[in-house]
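Everything on this sheet refers to the single structure shown next.
The values are calculated or read from the model by the stated rules, or taken from the named source; none is laboratory data. None of these values were measured; they are calculated from a predicted model. In this analysis, Cβ positions are derived from the backbone assuming ideal geometry, glycine residues included, and neighbour counts consider all displayed protein chains. For the accessible areas, the whole protein counts, side chains as well, though only heavy atoms, and no ligand, DNA or RNA atoms are used. Shrake-Rupley method; radii C 1.70, N 1.55, O 1.52, S 1.80 Å.
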Amino acid sequence: MGYAERFSDLAVKDTPIILGIESSCDETASAVIRGREILSSVIVSSAAEQAKYGGVVPEIASRAHTDAISEAVEGAVKDAGISLSEIDAVAVTYGAGLLGALLVGLSFAKSFAWTLDVPLVCVDHIRGHLAAAYLTDKALKPPFITLLASGGHTAILYTKSYDEFEILGSTRDDAAGEAFDKAARVLGLPYPGGPNVERLAREGKACIEFPKMFKGNGYDFSYSGLKTAVLNYCHNKEQRKEAYSRADVAASFQSAACDVLCERAVRAAIEKGCDTIAVGGGVAANGYLRESLEKMCKAKGIRCVIPEKKYCTDNAAMIAAEGLIQYKNRNFSDLSVNACAHIPLGKKGKQ
């Protein structure tokens, strides 16, 4: 009998206590939720070390996870004020992400679940980002429109149910988060690019006309042209020895990158007859995006659900939230499950 089969007759609870573990990139995170209530959230980041190299170095990230995973889990359990015996399931990111980093969290979660004799729930990192909205609005129910904007994905989704969504449109090249990182490098800003571009943009004005969207119908995006436009603008100015404002470039780039996300999410909600837009992914921590979307939604009478900034970037509470959905669906995993570096957007949970 496989490990998942041991729980085939498990009486699932309405508000289970779920321990979440996340180690897909440079944050080692653990969290505990009870139903949709966050009891604790601990994040140990290696971003400062990665910044020395201008981005995430997989080997350094893996070693950092190995050093921090026990501390993060112990801290989350302690902060939650629960005993280990109260945990009903262990949810962990099995993909997508850096393979070595994922294996650290997944191996720890397997051992922890086996020791506690509770189900192991393997979670797709991107579905975790989408599930963060349920922790923000405890009454949130499908159907609604989801705007996904992260380092690796950009898409407009029609969330039909807790476990099913339709991809209305996605990026044809770079994701929004990638574009922020590349613009940051052009502007000579340190890693991570997103928050540093936003910080510089506050000092400038969106007065430079950069391309805003993929020229086509539907909800698809394209950020390669925007990235190239920023690069060409800066290089042309420098080659001609002309002065220019880096802050204005940052503000103009940010406006071009974010406005199209907001506009297409609102249009999707109107066309699908949805009264709610939920947002997920690290780019949702951007203040300009948050303010712009809330303003557009208010003008159209649409409810906007955006997680707190700390739950937009990588964290384990969102993994536990998606784990809750899979737990209620009895989508448990065997201990033989392996990490997966790439997971197609839209694929359902691992069994």
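Open to solvent by 10 Å² or more (accessible area, probe 1.4 Å), in contact with a Ser or Thr (Cβ under 7 Å, 6 or more places away or on another chain) and within 20 Å of Cys312 (Cβ to Cβ): does that describe Val56?
Numbers: open to solvent by 10 Å² or more (accessible area, probe 1.4 Å): yes; in contact with a Ser or Thr (Cβ under 7 Å, 6 or more places away or on another chain): no; within 20 Å of Cys312 (Cβ to Cβ): yes.
No.
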**Message:** Among the residues that make up region 275-288, is at least one of them touching a residue at least 12 places away in the same chain (Cβ under 8 Å), in contact with a helix residue (DSSP H, G or I) (Cβ under 6 Å, 6 or more places away or on another chain) and open to solvent by 60 Å² or more (accessible area, probe 1.4 Å)?
**Reply:** yes
**Prompt:** Is it the case that region 20-34 has a residue that's open to solvent by 50 Å² or more (accessible area, probe 1.4 Å) and of a type in the set (Asp, Glu)?
**Reply:** no
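I'd like to know if region 266-274 contains one or more residues that are touching a Gly at 6+ places or on another chain (Cβ under 9 Å), over 30 Å from Gly75 (Cβ atoms) and either touching a residue at least 40 places away in the same chain (Cβ under 8 Å) or surrounded by fewer than 14 Cβ atoms within 10 Å (Cβ to Cβ) (or both).
Yes: region 266-274 contains one or more residues that are touching a Gly at 6+ places or on another chain (Cβ under 9 Å), over 30 Å from Gly75 (Cβ atoms) and either touching a residue at least 40 places away in the same chain (Cβ under 8 Å) or surrounded by fewer than 14 Cβ atoms within 10 Å (Cβ to Cβ) (or both).
Check whether at least one residue in region 216-224 is surrounded by 14 or more Cβ atoms within 10 Å (Cβ to Cβ) and in a helix (DSSP H, G or I), and report yes or no. Quick ask: steps written out before the conclusion?
So in region 216-224, the residues surrounded by 14 or more Cβ atoms within 10 Å (Cβ to Cβ) come out as 219-224.
Among the residues that remain, those that are also in a helix (DSSP H, G or I) are: 224.
Scanning region 216-224, I find at least one residue that is surrounded by 14 or more Cβ atoms within 10 Å (Cβ to Cβ) and in a helix (DSSP H, G or I), so the answer is yes.
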**Complete:** Considering residues that are open to solvent by less than 20 Å² (accessible area, probe 1.4 Å), at pLDDT 95 or above and not in a helix (DSSP H, G or I), the number found within region 170-189 is 1
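Quick one: would you say Ala284 is within 13 Å of the chain's Cα centre (by Cα) and of a type in the set (Gly, Ala, Ser)? Please lay out each step first, then the result.
On the way: within 13 Å of the chain's Cα centre (by Cα): yes; of a type in the set (Gly, Ala, Ser): yes.
Against the criterion (within 13 Å of the chain's Cα centre (by Cα) and of a type in the set (Gly, Ala, Ser)), Ala284 qualifies.
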**Asked** Quick one: is Ala320 over 23 Å from Tyr94 (Cα atoms) and either in a helix (DSSP H, G or I) or not aromatic (Phe, Trp, Tyr) (or both)?
**Response** no
**Request:** Look through region 143-165, keep the residues that are touching a Lys or Arg at 6+ places or on another chain (Cβ under 6 Å) and over 20 Å from Tyr311 (Cα atoms), and return whichever of them is most open to solvent (accessible area, probe 1.4 Å).
**Result:** Pro143
**Message:** Within region 190-208, does at least one residue satisfy the condition of being out of contact with any Asp or Glu (no Cβ under 7 Å at 6 or more places or on another chain), in a loop (DSSP other than H, G, I, E, B) and open to solvent by less than 20 Å² (accessible area, probe 1.4 Å)?
**Reply:** no
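Out of contact with any helix residue (DSSP H, G or I) (no Cβ under 6 Å at 6 or more places or on another chain) and either under 15 Å from Gly282 (Cβ atoms) or not β-branched (Val, Ile, Thr) (or both): which single residue out of Gly177, Gly188 fits that description? Lay out the reasoning, then the answer.
On the way: Gly177 fails: out of contact with any helix residue (DSSP H, G or I) (no Cβ under 6 Å at 6 or more places or on another chain).
Only one candidate passes the filter, namely Gly188.
Out of Asp9, Asp79, which single residue is part of a loop (DSSP other than H, G, I, E, B), open to solvent by 20 Å² or more (accessible area, probe 1.4 Å) and either modelled with pLDDT of 95 or more or out of contact with any Gly (no Cβ under 9 Å at 6 or more places or on another chain) (or both)? Can you show your working first?
Numbers: Asp79 fails: part of a loop (DSSP other than H, G, I, E, B).
None of the other options fit; the residue is Asp9.
Here is a check on your reading of the model: is Val260 open to solvent by less than 50 Å² (accessible area, probe 1.4 Å), part of a helix (DSSP H, G or I) and within 27 Å of Ile126 (Cα to Cα)? Steps first, please.
Details: open to solvent by less than 50 Å² (accessible area, probe 1.4 Å): yes; part of a helix (DSSP H, G or I): yes; within 27 Å of Ile126 (Cα to Cα): yes.
It is true that Val260 is open to solvent by less than 50 Å² (accessible area, probe 1.4 Å), part of a helix (DSSP H, G or I) and within 27 Å of Ile126 (Cα to Cα).
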